Every structure is written in C-alpha cells, then in structure tokens.
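Here the structure is laid out as structure tokens; the discussion comes afterwards.
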Amino acid sequence: QPADYGVIRIQKRNWAQPITLDLRNTRVRLSILESSGIKMIGGTFENAMGIGPDGYGIYVRGSSRLSFEGQLFRYMQRALVIDRSHHISVTKATITHMVVDGINIAASQHVTVTDSECTEFDSGQAHPDCIQLWSRPDQGITSDVILLRNRSVGRMQGFTAFNHIQNGVDDGGFDRVTMSGNYVSGPYPQGVALYDCRDCVVTNNVAVTPPGARWGVMIN
C-alpha cells in the first residue's frame, strides 16, 4: 500500500522462486543482506545523509539473484551500493542530488545496469561518480559487469572502474567489464574510465564537454 515504510531490512532470506516487492507509490529504504530471489519494482528513496549504510538508498551485501526496476533516488549520500554480491540487475533507475556516488559495485560479479540516469549531484568540490566499480584483493574481483545505455549529466564523473595499489597490495583489476552506449557530460576528465581490465569492451560511448568546463571529458 502507498506509505512511508522507513527502512525495510531483509536478512538471510532466500527464495528459489523470486518474490516481488511492488514499491510503487511508496517511500522506503532497503537493506538486503545475505539474501536471494527478490524482484523490486519502483519506490522513492530519499533524504538519507547518514554515515555508511545510513546514507544509502539501497544497501546490498552478500546477496544474489536480485533485480531492481524503476527506482527514484534523491538527496542521499549514495543511491545503491552492491557489495560482495552476484547476479544483480538494475534498470531504469533515476538518480539525482547525490552527495557521493550514484551506484557502487564493489567486489561483485554478474551485475548489469541499463537505461539509468544520474543528474544534478550536490558534491561541492568533490568529484563523485554516476557508477563506480572497484575490486578488493581480500573480498573479490569485480567481473562480468555490463553498463549499457546509461546517462551521466552534471557535476560528476561518469562510469568509472579504477584500480589502486594500497600499501603495496594491488586491488586486482577487473575481468570482463562491458561499457557500451553510455552518455556522459560533465566538468571532469574521467567520463568513461576503465583501468587494469582483462577481456573488457568499451564501445559506442559518447563523452561531451559542456561549455566552460575546466577539463575536457574523456574516455580512458
């Protein structure tokens, strides 16, 4: 029913035949931990400015076989964090007025994000990302990710996968990432960025530098 549900927490629940959460006409935040077999439709996620998961619209950790369609995220630290999970799909997400990032895909596998849009981030002097990927050597290599036909417009980096060496330890890079048909326009150079990636595809993306930008937006 239409309502403000606050935070719904789903933990250690696994459905062989996926259940559907119809969140249309509701306000809600989700925490999905060690669970599987859930399809989520719609929902407005807003006004979460806390620390860590308290600032996320949806937090997914250690979960699989989840799908998200048509969510609206606004006025948060991060919209959707996918952490150490696999077989996740996101489509037609609208993400606006984030402070940090839109979607984070961390140490996860088989994740697809399609036809989603980031606009009007409120980041101050920082440079957040619409969709950012990373790996961790002790948690897993992010792999088999597809970013397709997404849009990033405004004061943010677009679609990024950075690799770091921290205290002499390599994050591990990425495997089989596809970034195709995405559009990015913003004031920062990292429009589409993919580093230390094996068997990856970057094709048919469009990078547009807006008037007055300090740097040209690029595909790296």
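The values are calculated or read from the model by the stated rules, or taken from the named source; none is laboratory data. Keep in mind it's a predicted model, so treat the numbers as computed, not measured. Glycine also receives a Cβ, built like all others from the backbone with ideal geometry; neighbour counts cover every protein chain displayed. SASA here: full protein model, heavy atoms, side chains in, ligands and nucleic acids out. Shrake-Rupley method; radii C 1.70, N 1.55, O 1.52, S 1.80 Å.
What the table shows:
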| read-out | value |
| --- | --- |
| Scope the range 115-131; condition open to solvent by less than 20 Å² (accessible area, probe 1.4 Å) and either in contact with a Cys (Cβ under 7 Å, 6 or more places away or on another chain) or within 15 Å of Ile146 (Cα to Cα) (or both); matching residues | Ser116, Cys118, Cys130, Ile131 |
| Val184 being in contact (Cβ under 8 Å) with a residue 40 or more places away in the chain and in a strand (DSSP E or B) | yes |
| Residue satisfying all of: in the range 132-166; of a type in the set (S, T, N, Q) and either outside any strand (DSSP E or B) or touching a helix residue (DSSP H, G or I) at 6+ places or on another chain (Cβ under 8 Å) (or both); most open to solvent (accessible area, probe 1.4 Å) among these | Gln139 |
| When residues of the range 24-58 are limited to those that are part of a loop (DSSP other than H, G, I, E, B) and under 24 Å from Arg84 (Cβ atoms), the one most open to solvent (accessible area, probe 1.4 Å) | Ile51 |
| Residue match in the range 196-216 (condition: in contact with a strand residue (DSSP E or B) (Cβ under 8 Å, 6 or more places away or on another chain), under 19 Å from Ile82 (Cα atoms) and hydrophobic (A, V, I, L, M, F, W, C)) | no |
| Filter pass, Ile105 being surrounded by fewer than 24 Cβ atoms within 10 Å (Cβ to Cβ) and closer than 21 Å to Ser180 by Cα | no |
| Sole residue being at pLDDT 95 or above, under 14 Å from the mean Cα position of the chain (by Cα), within 22 Å of His164 (Cβ to Cβ) and aliphatic (A, V, I, L, M), chosen from Ala107, Ala93 | Ala107 |
| Number of the condition not met by Asp171 [criteria: (1) more than 23 Å from Ser123 (Cα to Cα); (2) within 18 Å of the chain's Cα centre (by Cα); (3) surrounded by 20 or more Cβ atoms within 10 Å (Cβ to Cβ)] | (2) |
| Qualifying residue in the range 189-196 (condition: over 25 Å from Phe73 (Cα atoms), over 16 Å from the mean Cα position of the chain (by Cα) and among the aromatic types (Phe, Trp, Tyr)) | yes |
| Count of the range 57-82 residues which are more than 17 Å from Thr20 (Cβ to Cβ) and over 10 Å from the mean Cα position of the chain (by Cα) | 10 |
